[in-house]
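A.B. asks: Before we start, here is the structure in question, set down as structure tokens.
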Amino acid sequence: MALEKKTQQKEKVEIVGDFKHIQIRAKTWVEDDGVMVGKPSYSRRTLAPTDDITSEDSDIQAICNAVWTDEIKSAYQTHLSNLI
């Protein structure tokens, strides 16, 4: 019996909302001799157009750069300014 915890960091990547927030879902599960036991668990994190993405992997950076146009970034910054 060899239990092993595994995580898939980018199990799902979604673009949501008017400001194109990037949601990244990770999946974690346990395997016993290569067979999943129990149910997987999920965690999610979100990136906003004003976030620093330099530490993200190249796939995530490419998605952010493709959807976060200057127009989206400016609209999001205006939205944040109006909240104050």
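A.B. asks: Can you tell me which lysines have their Cα less than 22 Å from the Cα of K20? Leave out same-chain residues fewer than eight positions away.
C.D. replies: K10, K12, K73
A.B. asks: Which one, Q61, W29, P49, projects farthest toward the positive side of the charge dipole computed for the range 3-83 from Cβ point charges (K/R +1, D/E -1)?
C.D. replies: The one lying farthest along the dipole's positive direction is W29.
A.B. asks: Let me ask you something else. To the nearest 10 degrees, how steeply does helix 58-67 sit against the main Cα axis of the chain, on a 0 to 90 scale?
C.D. replies: Long axis of 58-67 versus the principal axis of the chain: about 30 degrees.
A.B. asks: Can I ask one more? Just the Cα atoms of the range 3-83: what Rg and Dmax do they give in Å?
C.D. replies: Just the Cα atoms of the range 3-83 yield Rg and Dmax of 16.4, 54 Å.
A.B. asks: To the nearest 500 deg cm²/dmol, what mean residue ellipticity at 222 nm is calculated for the chain from DSSP H runs of n ≥ 4 alone, each contributing -39,500 (n - 2.57), summed and divided by the residues? Please list the in-between numbers first.
C.D. replies: Values: 2 runs with 24 residues, N = 84.
Roughly -9000 deg cm²/dmol at 222 nm, from the helical runs in the chain.
A short reminder: the numbers here are calculations on the coordinates, not readings from a lab. Remember, predicted model here, so these are calculated numbers, not experimental data. As a convention, Cβ positions derive from the backbone with ideal geometry for all residues, glycine included, and neighbour counts pool all protein chains shown.
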